[in-house]
1. Can you find even one residue in the range 103-110 that is part of a helix (DSSP H, G or I) and closer than 24 Å to D188 by Cα?
2. Can you tell me which of (1) polar (S, T, N, Q); (2) part of a helix (DSSP H, G or I); (3) at pLDDT below 90 is the one S27 doesn't meet?
3. Yes or no: I171 out of contact with any strand residue (DSSP E or B) (no Cβ under 8 Å at 6 or more places or on another chain), at pLDDT 90 or above, buried (at least 21 other Cβ atoms within 10 Å of the Cβ) and not small (G, A, S)?
4. Checking I208 against (1) at pLDDT 85 or above; (2) more than 19 Å from the chain's Cα centre (by Cα); (3) surrounded by 11 or more Cβ atoms within 10 Å (Cβ to Cβ); (4) under 30 Å from L150 (Cβ atoms): exactly one of these is not met. Which one?
5. Against the conditions (1) modelled with pLDDT of 90 or more; (2) farther than 30 Å from S118 by Cβ; (3) not aromatic (F, W, Y), where does D197 fall short? Just the number, please.
6. Hey, among the residues in the range 50-90 that are of a type in the set (A, V, I, L, M, F, W, C) and buried (at least 16 other Cβ atoms within 10 Å of the Cβ), which one's farthest from F165 (Cα to Cα)?
7. Quick check on my filter: what residues within the range 30-62 are touching a helix residue (DSSP H, G or I) at 6+ places or on another chain (Cβ under 7 Å) and not in a helix (DSSP H, G or I)?
8. Being loosely packed, with under 14 Cβ neighbours inside 10 Å, over 21 Å from the mean Cα position of the chain (by Cα), part of a helix (DSSP H, G or I) and modelled with pLDDT of 90 or more, is that true of even one residue in the range 132-141?
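The values are calculated or read from the model by the stated rules, or taken from the named source; none is laboratory data. Just so you know, these numbers come straight off a predicted model, no measurement behind them. Glycine gets a Cβ as well: all are built from the backbone with ideal geometry, and neighbour counts include every protein chain shown.
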Amino acid sequence: MNLGLEELWIPLHISLSVACTATLLVSAIGTLCAWWLAGKRSLAATIADYLLSVPLFLPPTVLGYGLILFLGNSGSGGSVWSALTGTSFLFSRGAAVTAAALAGLPLYYRTAKSFFESIELHLFEAAAVDGAGRWTLLTAIILPISIPGLSAGFILAFLRAMGEFGITIMIAGNIPGKTQTVSLAIWDAVMSGRDGDATLLALLLALISLGLLSLFALFSLRTKPTQPLASIFS
(Lines give C-alpha, C1' and ligand atoms only; values in the text may rest on other atoms or scores of the structure.)
Protein backbone atom coordinates (compact mmCIF):
# COMPACT_ATOMS: atom_id res chain seq x y z
CA MET A 1 0.00 0.00 0.00
CA ASN A 2 1.47 3.33 -1.08
CA LEU A 3 1.64 6.22 1.35
CA GLY A 4 -0.11 9.55 0.87
CA LEU A 5 1.66 12.81 0.10
CA GLU A 6 1.53 13.88 3.77
CA GLU A 7 3.31 10.70 4.89
CA LEU A 8 5.88 11.09 2.12
CA TRP A 9 6.56 14.70 3.16
CA ILE A 10 7.66 13.62 6.65
CA PRO A 11 10.98 11.95 5.62
CA LEU A 12 11.70 14.84 3.24
CA HIS A 13 11.13 17.32 6.07
CA ILE A 14 13.41 15.29 8.35
CA SER A 15 16.10 15.16 5.66
CA LEU A 16 15.98 18.90 5.07
CA SER A 17 16.08 19.62 8.81
CA VAL A 18 18.94 17.21 9.46
CA ALA A 19 20.92 18.35 6.41
CA CYS A 20 20.52 22.06 7.22
CA THR A 21 21.59 21.60 10.85
CA ALA A 22 24.49 19.33 9.90
CA THR A 23 25.73 21.66 7.16
CA LEU A 24 25.66 24.71 9.42
CA LEU A 25 27.71 22.76 11.95
CA VAL A 26 30.07 21.58 9.22
CA SER A 27 30.48 25.13 7.90
CA ALA A 28 31.62 26.44 11.26
CA ILE A 29 34.02 23.57 11.99
CA GLY A 30 35.23 23.19 8.41
CA THR A 31 35.95 26.90 7.93
CA LEU A 32 38.06 27.13 11.09
CA CYS A 33 39.94 23.91 10.31
CA ALA A 34 40.53 24.91 6.69
CA TRP A 35 41.83 28.35 7.73
CA TRP A 36 44.06 26.87 10.40
CA LEU A 37 45.58 24.30 8.02
CA ALA A 38 45.73 26.38 4.83
CA GLY A 39 49.30 26.64 3.55
CA LYS A 40 50.75 24.60 6.42
CA ARG A 41 53.12 21.72 5.68
CA SER A 42 54.05 20.49 9.17
CA LEU A 43 53.60 16.91 10.38
CA ALA A 44 50.79 17.93 12.74
CA ALA A 45 48.97 19.72 9.91
CA THR A 46 49.35 16.69 7.65
CA ILE A 47 47.92 14.37 10.30
CA ALA A 48 45.02 16.76 10.97
CA ASP A 49 44.32 17.02 7.24
CA TYR A 50 44.34 13.23 6.99
CA LEU A 51 41.93 12.81 9.91
CA LEU A 52 39.50 15.38 8.50
CA SER A 53 39.49 13.46 5.22
CA VAL A 54 38.94 10.00 6.73
CA PRO A 55 35.15 9.91 6.04
CA LEU A 56 35.89 10.20 2.32
CA PHE A 57 37.50 6.79 2.07
CA LEU A 58 36.44 4.76 5.11
CA PRO A 59 33.29 2.62 4.57
CA PRO A 60 30.17 4.08 6.26
CA THR A 61 29.78 0.88 8.28
CA VAL A 62 33.23 1.37 9.80
CA LEU A 63 32.47 5.00 10.64
CA GLY A 64 29.08 4.02 12.03
CA TYR A 65 30.56 1.28 14.19
CA GLY A 66 33.19 3.66 15.51
CA LEU A 67 30.49 6.14 16.47
CA ILE A 68 28.51 3.37 18.17
CA LEU A 69 31.56 2.52 20.28
CA PHE A 70 32.07 6.17 21.21
CA LEU A 71 28.49 7.41 21.49
CA GLY A 72 26.81 4.25 22.76
CA ASN A 73 25.70 3.97 26.38
CA SER A 74 28.95 2.23 27.29
CA GLY A 75 31.13 4.64 25.30
CA SER A 76 32.80 7.69 26.81
CA GLY A 77 30.85 10.19 24.71
CA GLY A 78 27.57 8.36 25.20
CA SER A 79 28.11 8.14 28.95
CA VAL A 80 28.66 11.88 29.23
CA TRP A 81 25.57 12.58 27.09
CA SER A 82 23.46 10.21 29.18
CA ALA A 83 24.67 11.80 32.43
CA LEU A 84 23.84 15.30 31.17
CA THR A 85 20.50 14.59 29.49
CA GLY A 86 19.27 11.31 30.95
CA THR A 87 18.73 9.96 27.42
CA SER A 88 20.65 7.81 24.94
CA PHE A 89 22.34 9.64 22.07
CA LEU A 90 21.94 6.75 19.66
CA PHE A 91 18.71 6.50 17.63
CA SER A 92 17.98 10.20 18.15
CA ARG A 93 17.65 13.17 15.81
CA GLY A 94 21.02 14.33 17.10
CA ALA A 95 22.55 11.05 15.96
CA ALA A 96 21.15 11.63 12.47
CA VAL A 97 22.67 15.13 12.42
CA THR A 98 26.01 13.72 13.58
CA ALA A 99 26.01 11.13 10.80
CA ALA A 100 25.17 13.74 8.16
CA ALA A 101 27.79 16.16 9.49
CA LEU A 102 30.50 13.51 9.51
CA ALA A 103 29.70 12.60 5.91
CA GLY A 104 29.66 16.20 4.70
CA LEU A 105 32.62 17.63 6.64
CA PRO A 106 35.43 16.42 4.33
CA LEU A 107 33.76 17.87 1.24
CA TYR A 108 33.31 21.30 2.83
CA TYR A 109 36.73 21.29 4.48
CA ARG A 110 38.65 20.37 1.33
CA THR A 111 36.74 22.89 -0.78
CA ALA A 112 37.32 25.67 1.74
CA LYS A 113 40.99 24.80 2.23
CA SER A 114 41.60 24.71 -1.52
CA PHE A 115 39.97 28.11 -1.91
CA PHE A 116 41.92 29.66 0.97
CA GLU A 117 45.17 28.40 -0.55
CA SER A 118 44.28 29.93 -3.92
CA ILE A 119 43.94 33.47 -2.56
CA GLU A 120 46.56 35.84 -3.92
CA LEU A 121 49.49 36.35 -1.62
CA HIS A 122 49.57 40.15 -1.93
CA LEU A 123 46.33 40.40 0.08
CA PHE A 124 48.01 38.77 3.06
CA GLU A 125 51.15 40.84 2.66
CA ALA A 126 49.18 44.09 2.59
CA ALA A 127 47.14 43.08 5.63
CA ALA A 128 50.28 42.01 7.51
CA VAL A 129 51.85 45.41 6.87
CA ASP A 130 48.78 47.01 8.47
CA GLY A 131 49.25 44.77 11.51
CA ALA A 132 46.35 42.40 10.91
CA GLY A 133 46.56 39.10 12.77
CA ARG A 134 45.40 35.72 11.52
CA TRP A 135 41.93 36.05 13.09
CA THR A 136 41.45 39.57 11.68
CA LEU A 137 42.51 38.32 8.27
CA LEU A 138 39.88 35.59 8.40
CA THR A 139 36.92 37.66 9.63
CA ALA A 140 37.57 41.00 7.92
CA ILE A 141 39.22 40.03 4.64
CA ILE A 142 39.14 36.34 3.76
CA LEU A 143 35.54 35.40 4.56
CA PRO A 144 33.98 38.27 2.56
CA ILE A 145 35.96 37.41 -0.58
CA SER A 146 35.54 33.67 -0.04
CA ILE A 147 31.73 33.58 -0.21
CA PRO A 148 31.62 31.94 -3.68
CA GLY A 149 34.12 29.22 -2.73
CA LEU A 150 32.61 28.55 0.69
CA SER A 151 29.12 28.50 -0.84
CA ALA A 152 30.26 25.78 -3.21
CA GLY A 153 31.55 23.76 -0.25
CA PHE A 154 28.29 24.37 1.60
CA ILE A 155 26.27 23.00 -1.31
CA LEU A 156 28.47 19.91 -1.64
CA ALA A 157 28.24 19.20 2.10
CA PHE A 158 24.47 19.73 2.07
CA LEU A 159 24.03 17.32 -0.85
CA ARG A 160 26.13 14.70 0.91
CA ALA A 161 24.16 15.19 4.11
CA MET A 162 20.84 14.88 2.26
CA GLY A 163 21.85 11.58 0.72
CA GLU A 164 23.56 10.04 3.77
CA PHE A 165 22.49 6.44 4.43
CA GLY A 166 25.09 4.07 5.87
CA ILE A 167 26.22 5.97 8.96
CA THR A 168 22.69 7.16 9.69
CA ILE A 169 21.07 3.74 9.72
CA MET A 170 23.75 2.45 12.11
CA ILE A 171 23.67 5.18 14.76
CA ALA A 172 20.24 6.78 14.24
CA GLY A 173 18.21 3.84 12.97
CA ASN A 174 15.27 3.92 10.59
CA ILE A 175 12.55 5.31 12.84
CA PRO A 176 9.59 6.78 10.89
CA GLY A 177 8.79 10.34 11.92
CA LYS A 178 12.01 10.66 13.93
CA THR A 179 15.18 9.59 12.11
CA GLN A 180 13.86 8.20 8.81
CA THR A 181 15.36 10.45 6.15
CA VAL A 182 14.52 10.31 2.45
CA SER A 183 17.33 7.85 1.73
CA LEU A 184 16.11 5.53 4.46
CA ALA A 185 12.50 5.96 3.35
CA ILE A 186 13.47 4.95 -0.21
CA TRP A 187 15.21 1.84 1.09
CA ASP A 188 12.24 1.03 3.33
CA ALA A 189 9.80 1.48 0.42
CA VAL A 190 11.84 -0.82 -1.83
CA MET A 191 12.07 -3.47 0.88
CA SER A 192 8.30 -3.24 1.41
CA GLY A 193 7.45 -3.49 -2.28
CA ARG A 194 6.13 0.10 -2.47
CA ASP A 195 7.76 0.95 -5.77
CA GLY A 196 5.56 4.01 -6.31
CA ASP A 197 6.70 5.59 -3.04
CA ALA A 198 10.33 4.73 -3.76
CA THR A 199 10.11 6.26 -7.25
CA LEU A 200 8.48 9.47 -6.03
CA LEU A 201 10.97 9.97 -3.20
CA ALA A 202 13.90 9.19 -5.50
CA LEU A 203 12.67 11.75 -8.02
CA LEU A 204 12.27 14.40 -5.31
CA LEU A 205 15.78 13.75 -4.02
CA ALA A 206 17.18 13.79 -7.55
CA LEU A 207 15.47 17.10 -8.37
CA ILE A 208 16.80 18.72 -5.19
CA SER A 209 20.29 17.41 -5.96
CA LEU A 210 20.23 18.61 -9.56
CA GLY A 211 19.02 22.04 -8.50
CA LEU A 212 21.78 22.42 -5.93
CA LEU A 213 24.39 21.06 -8.36
CA SER A 214 23.35 23.81 -10.76
CA LEU A 215 24.03 26.35 -8.01
CA PHE A 216 27.37 24.67 -7.33
CA ALA A 217 28.30 25.04 -11.00
CA LEU A 218 27.35 28.71 -10.84
CA PHE A 219 29.52 29.36 -7.80
CA SER A 220 32.37 27.39 -9.40
CA LEU A 221 32.27 29.68 -12.44
CA ARG A 222 32.53 32.70 -10.17
CA THR A 223 35.71 31.44 -8.50
CA LYS A 224 38.85 31.96 -10.54
CA PRO A 225 42.16 30.17 -9.91
CA THR A 226 44.86 32.41 -8.51
CA GLN A 227 48.41 32.12 -7.26
CA PRO A 228 48.67 29.46 -4.47
CA LEU A 229 49.03 30.78 -0.94
CA ALA A 230 52.52 30.37 0.44
CA SER A 231 53.14 28.92 3.84
CA ILE A 232 53.26 32.32 5.51
CA PHE A 233 51.82 31.25 8.88
CA SER A 234 54.07 28.23 9.46
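1. yes
2. Evaluating S27 over (1) polar (S, T, N, Q); (2) part of a helix (DSSP H, G or I); (3) at pLDDT below 90 leaves (3) as the failure.
3. So I171 passes the test.
4. (2)
5. (1)
6. My answer is W81.
7. A38, G39 - these are the residues of the range 30-62 that are touching a helix residue (DSSP H, G or I) at 6+ places or on another chain (Cβ under 7 Å) and not in a helix (DSSP H, G or I).
8. no
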